[in-house]
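Peer 1: After the structure tokens below, expect a handful of questions from me.
Please treat every number below as a calculation from the coordinates, not as lab data. Predicted, not measured: the structure shown is a model, and the values here were computed from it. Cβ placement follows ideal geometry from the backbone for every residue including glycine, while neighbour counts extend to all protein chains displayed.
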Amino acid sequence: MKTFKTGWAAIGFKSYQDYLYSDMWQEKQKIFLSKYPFCKDCGRKATIVHHTNYERVPQEKESDLRALCFRCHQKRHNKWEEIY
């Protein structure tokens, strides 16, 4: 995990959350969702780009990311009950 911390910290982010709210991540997410507009788990419209691992943050490869809808993203983080 050391590369993960080094990655985002090296470009000026204090935390992973700071990175997720950055213009850099928002632009990456926008581009990824335009290329992959449907949830890879259920086929609904994708609205979130999920990191499958954190090894290359913030230089993610496409294979590190997955387009998901809100519900499927919540399921992946075991937050399914919070939807209802």
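Peer 1: Return the residue satisfying two criteria in turn: it lies in segment 8-19 and is in contact (Cβ under 8 Å) with a residue 24 or more places away in the chain and either in contact with an Asp or Glu (Cβ under 8 Å, 6 or more places away or on another chain) or among the hydroxyl-bearing types (S, T, Y) (or both), and of such residues it is nearest to R76 (Cα to Cα).
Peer 2: Restricting attention to segment 8-19, the residues satisfying the condition of being in contact (Cβ under 8 Å) with a residue 24 or more places away in the chain are 8, 11, 13, 16, 19.
With the extra rule that they be either in contact with an Asp or Glu (Cβ under 8 Å, 6 or more places away or on another chain) or among the hydroxyl-bearing types (S, T, Y) (or both), the set shrinks to 8, 16, 19.
Working: W8: 23, Y16: 18, Y19: 20 Å.
Here the residue is Y16.
Peer 1: Also, quick follow-up: Restricting the search to segment 20-47, which residues are of a type in the set (D, E) and either assigned to a helix (DSSP H, G or I) or more than 17 Å from H77 (Cβ to Cβ) (or both)?
Peer 2: D23, E27
Peer 1: Give me the residue from segment 56-73 that is among the basic types (K, R) and in contact with a helix residue (DSSP H, G or I) (Cβ under 8 Å, 6 or more places away or on another chain) and, out of that set, farthest from Y16 (Cα to Cα).
Peer 2: Going through the qualifying residues, I end up with R71.
Peer 1: Can you name the residue in segment 9-50 that is touching a Phe, Trp or Tyr at 6+ places or on another chain (Cβ under 7 Å) and among the polar types (S, T, N, Q) and is also farthest from D64 (Cα to Cα) among such residues?
Peer 2: So, considering only residues that are touching a Phe, Trp or Tyr at 6+ places or on another chain (Cβ under 7 Å) and among the polar types (S, T, N, Q), the one farthest from D64 (Cα to Cα) is S22.
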